[in-house]
Amino acid sequence: MTFLPPWLRRPPILMSETPRGPWGGGGDDGGAKDNGARNPWAVPPGGRKSTAKPTALDEFLKRARGGGSGGGGSGGPQFPLGANARNLWLIGVGVIVAVWLIFTSFHQIGPQQRGVVTFLGRYSGELDPGIRLTLPAPLVSVQKVDVEAVRVDEFPRDGSENVLTGDQNILDLAYTVRWRVENPRDFVFEIKDPVETVRATAESAMRAVLATTTLNDAIGAGRTTIEARVTQLMQQILNDYEAGVRVQGVSIRQASAPASLIDDFNAVTAAQQEAVGNLNNARSYSQQVIARAQGEAAAFDKVYEQYRLAPEVTRRRMYYETMEAVLAKTDKTIVETPGVAPILPLDRARRLTEPQTAAPATPAPTPEAGR
Amino acid sequence: MNPVMRNPVTIGFAALGAAILAAATFAIVPETKQAVVLRLNNPVGQPVNQYQPGQVIGRTGAGLIARIPFIDKIVWVDKRVLDADLDNTLVLSTDQLRLNVDAFARFRIVDPLRAVTSTGSTSNTEERVADQLRPLLGTALRNELGKVPFSVLLSPERGRVMDAIQASLQRDARQYGATIVDVRIKHADLPDGSPLESALQRMRTARQQEANTIRAQGQKQAQIVRAEADATAAKVYAEAFSKDAQFYDFYRAMQSYRHTFGADGGPQPEGSTSIIMGRDNAYLEKFNNR
């Protein structure tokens with residue numbers, strides 16, 4: 001109730017309309033409006049018209065209603081006329097102009113954005129972040145461009161693609177390009193479709209670089225070089241276009257042999273492992289052989305040192321010690337007279353070394369034995 | 001106040017009329033467009049905001065222009081760098097390799113009047129120029145790539161090939177009022193099927209060859225290392241033993257007996273031993289009390 005204008009709340013007016021129904025009596029807006037005759041805005045014929053003069057709006061509505069009923073289906077309300085109508089028009093136009101000014105003169109530029117301003121179509125400057133004021137459209141128009149935001153383009157859009165390398169091999173490749181707008185003016189005015197241009201440039205640059213790279217480089221150690229070269233080449237091409245774009249970086253997400261060749265590539269790795277393994281074995285053999293040689297040489301040196309002090313004695317001692325050790329472990333037969341060998345009981349020896357015929361013929365350890 | 005002016009309907013209509021007249025008279029030429037003015041289909045004067053090399057944006061011909069309403073017609077032509085994309089062109093190199101090539105040409109319409117007259121269009125001039133350039137690009141691509149072997153495409157020469165394509169296309173583009181900014185090969189792929197398969201097969205055999213080479217090289221290295229070790233050992237032996245060859249002979253003989261007859265504490269020798277000694281045996285010298 002309280003939001004209704006004072007003249008509506010006046011009891012006489014309400015009184016005059018009470019008999020119409022339960023809603024009308026409460027002065028309820030919805031109830032009061034559903035019949036033209038009870039329209040609360042309408043100035044009641046017998047009501048008081050001293051304090052509140054009929055406003056232009058009242059006038060308009062009244063005439064509209066009158067026109068609609070009187071026209072008999074001519075359609076559309078009549079335009080208000082007269083001095084009050086002029087006011088009405090001025091207010092309407094004023095509101096429209098105000099809205100227009102607010103919407104086209106104030107520009108909210110985000111912190112990552114710049115506004116590119118054109119005055120009657122001609123570039124006239126840039127707007128920094130914040131709320132900025134310009135002349136209204138169509139004199140001035142502002143286009144917002146994200147400059148700080150780093151844009152990320154992935155190639156290819158899904159999975160990976162085959163690329164030919166310089167040694168005519170095929171590489172499974174996926175990579176990402178990061179870039180941002182450096183010069184919003186060029187970005188807006190120099191190239192028709194800058195985003196697509198950056199994409200096409202990236203593909204072209206990547207393949208141009210890979211065409212001069214070997215497969216092994218691309219798969220292995222050459223990645224960072226390739227990334228740097230693609231970044232540089234892209235930047236150079238885009239500068240030629242005056243695209244106003246700064247390439248932040250290119251990163252290779254995947255560079256590998258085609259899936260069907262994985263086994264063969266693994267075989268190469270296996271062969272490398274095998275080769276290294278072989279070499280390791282050889283090295284360990286080498287260590288053993290040399291160490292043994294050194295050991296034996298050192299042992300001989302030690303003995304020889306002593307031998308030189310007393311050659312004859314040492315020689316004899318060594319001889320007897322050796323013979324002792326050797327003969328203690330063997331079966332011995334001493335033949336007093338030459339020529340009796342065949343009748344000796346040699347079966348013991350035969351028993352030990354089954355079919356060997358070597359035993360009887362075994363010569364004595366010293367050259368004298370045969371004689 | 002006269003009655004006409006008092007009537008808002010009249011004012012409204014007048015305003016509307018004025019607005020229409022203004023819109024028909026004045027036109028805003030944006031930075032991104034060039035305008036060709038046709039007076040009853042006859043070009044008048046120079047195109048507005050025509051591209052000029054080295055022009056600074058903000059000091060171009062963009063801005064407000066006036067024309068004779070309803071008689072002059074403006075044809076808009078894009079001023080920016082445009083793009084003519086060519087997808088999946090089959091190219092045959094001199095060594096008879098088939099290649100699927102995606103390429104693009106970046107161009108700019110520098111003579112909008114010529115672009116309009118040569119394409120005979122008053123709308124979408126850029127697209128029509130691109131449509132005209134596309135087959136020309138295809139032809140230039142086939143001609144230039146047909147002159148070089150496949151391997152050139154995969155080498156630093158590639159840039160030169162693209163320059164040649166650009167030069168050849170530049171001549172054709174001029175008649176459409178366009179200039180080629182750049183020509184680039186986006187993709188150059190082997191077509192699916194047998195060319196791709198045979199390339200993969202070649203890669204496979206190359207890998208196998210590499211694996212075998214690595215293995216053989218490894219074996220060679222190992223053999224060399226072993227031989228070097230043997231040589232070093234021989235040298236060490238020789239240095240030590242050549243001090244007294246006679247004593248070495250004796251010393252080594254003693255070692256050898258011990259080993260052969262299983263007296264050196266090592267494993268039993270393979271054949272067990274039985275020794276028959278004559279009475280003249282040197283060892284039995286004292287046995288015989290000589």
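Within region B:51-70, restricting attention to residues that are in contact with a Lys or Arg (Cβ under 8 Å, 6 or more places away or on another chain) and either more than 13 Å from B:Ala35 (Cα to Cα) or not in a loop (DSSP other than H, G, I, E, B) (or both), which residue is farthest from the other protein chains (Cβ to nearest Cβ)?
The residue in question is B:Ile68.
Is there a residue being polar (S, T, N, Q), in a helix (DSSP H, G or I) and at pLDDT below 95 anywhere in region A:203-221? Can you show your working first?
Of region A:203-221, the ones polar (S, T, N, Q) are A:204, A:212-214, A:216.
Among the residues that remain, those that are also in a helix (DSSP H, G or I) are: A:204, A:216.
Retained after the next criterion (residues that are at pLDDT below 95): A:204, A:216.
Yes: one or more hits.
Looking at A:Ala271, A:Ala364, which is the one that is at pLDDT below 85, crowded, with 16+ Cβ neighbours inside 10 Å and either in a loop (DSSP other than H, G, I, E, B) or touching a Lys or Arg at 6+ places or on another chain (Cβ under 7 Å) (or both)?
Answer to the check: A:Ala364.
Can B:Ala130 be described as within 24 Å of the chain's Cα centre (by Cα) and under 23 Å from B:Gln175 (Cα atoms)?
No, not satisfied.
If I filter region B:173-214 down to residues being in contact with a strand residue (DSSP E or B) (Cβ under 9 Å, 6 or more places away or on another chain), of a type in the set (Asp, Glu) and surrounded by 13 or more Cβ atoms within 10 Å (Cβ to Cβ), which single residue comes out as nearest to B:Arg98 (Cα to Cα)?
Ranking the qualifying residues of region B:173-214, first place goes to B:Asp189.
Cβ-Cβ below 6 Å, separation at least six or inter-chain, first residue in region B:93-105 and farther than 26 Å from A:Ala202 by Cβ, second open to solvent by less than 20 Å² (accessible area, probe 1.4 Å) and in a strand (DSSP E or B): which pairs?
That search, which allows pairs on different chains as well, returns nothing.
Check off (1) open to solvent by 70 Å² or more (accessible area, probe 1.4 Å); (2) in a helix (DSSP H, G or I); (3) under 30 Å from A:Arg317 (Cβ atoms) for B:Tyr248 and give me the number that stays unchecked.
If we test B:Tyr248 against (1) open to solvent by 70 Å² or more (accessible area, probe 1.4 Å); (2) in a helix (DSSP H, G or I); (3) under 30 Å from A:Arg317 (Cβ atoms), just (1) comes out false.
Could you list all residues from region A:152-174 that are more than 17 Å from the chain's Cα centre (by Cα) and among the polar types (S, T, N, Q)?
The answer is A:Asn162, A:Thr165, A:Gln168, A:Asn169.
Pairs, please: C-beta under 7 Å, at least 6 apart or cross-chain, first residue under 18 Å from B:Phe104 (Cα atoms) and more than 7 Å from chain B (Cβ to nearest Cβ) and in region A:194-215, second buried (at least 23 other Cβ atoms within 10 Å of the Cβ) and of a type in the set (Ser, Thr, Tyr)?
Qualifying pairs under 7 Å: A:Met206/A:Tyr175.
What residue, among those in region B:85-99 that are within 11 Å of another protein chain (Cβ to nearest Cβ) and in a strand (DSSP E or B), is farthest from B:Gln52 (Cα to Cα)?
B:Leu99
Which numbered condition trips up B:Asp78, out of (1) open to solvent by 70 Å² or more (accessible area, probe 1.4 Å); (2) within 36 Å of the chain's Cα centre (by Cα)?
Among (1) open to solvent by 70 Å² or more (accessible area, probe 1.4 Å); (2) within 36 Å of the chain's Cα centre (by Cα), the lone unmet condition for B:Asp78 is (1).
Consider A:Arg185 against the criteria (1) open to solvent by less than 20 Å² (accessible area, probe 1.4 Å); (2) in a helix (DSSP H, G or I): it satisfies all of them except one. Which criterion is unmet?
(1)
In the list B:Ala84, B:Ala105, B:Ala35, B:Ala22, which residue meets the criterion of being more than 24 Å from B:Arg174 (Cα to Cα) and either under 26 Å from the mean Cα position of the chain (by Cα) or open to solvent by less than 60 Å² (accessible area, probe 1.4 Å) (or both)?
Result: B:Ala22 is the single residue among B:Ala84, B:Ala105, B:Ala35, B:Ala22 that is more than 24 Å from B:Arg174 (Cα to Cα) and either under 26 Å from the mean Cα position of the chain (by Cα) or open to solvent by less than 60 Å² (accessible area, probe 1.4 Å) (or both).
If you take the residues of region A:100-117 that are out of contact with any Pro (no Cβ under 7 Å at 6 or more places or on another chain) and open to solvent by less than 70 Å² (accessible area, probe 1.4 Å), which of them is farthest from B:Thr32 (Cα to Cα)?
A:Gln112
Condition check: within 19 Å of B:Thr89 (Cα to Cα), modelled with pLDDT of 85 or more and of a type in the set (A, V, I, L, M, F, W, C). Does B:Ala115 satisfy that?
No; evaluated as a whole, the condition is false for this residue.
Picking from B:Tyr176, B:Tyr237, B:Tyr257, B:Tyr251, which residue would you name as being out of contact with any Pro (no Cβ under 6 Å at 6 or more places or on another chain), aromatic (Phe, Trp, Tyr) and more than 7 Å from chain A (Cβ to nearest Cβ)?
B:Tyr176
The values are calculated or read from the model by the stated rules, or taken from the named source; none is laboratory data. On a predicted model such as this, the values are computed, not experimentally measured, just so you know. Backbone-built Cβ (ideal geometry, glycine too); neighbour counts: all protein chains shown. Calculation scope for accessible area: heavy atoms of the full protein, side chains included, ligands and nucleic acids excluded. Shrake-Rupley method; radii C 1.70, N 1.55, O 1.52, S 1.80 Å.
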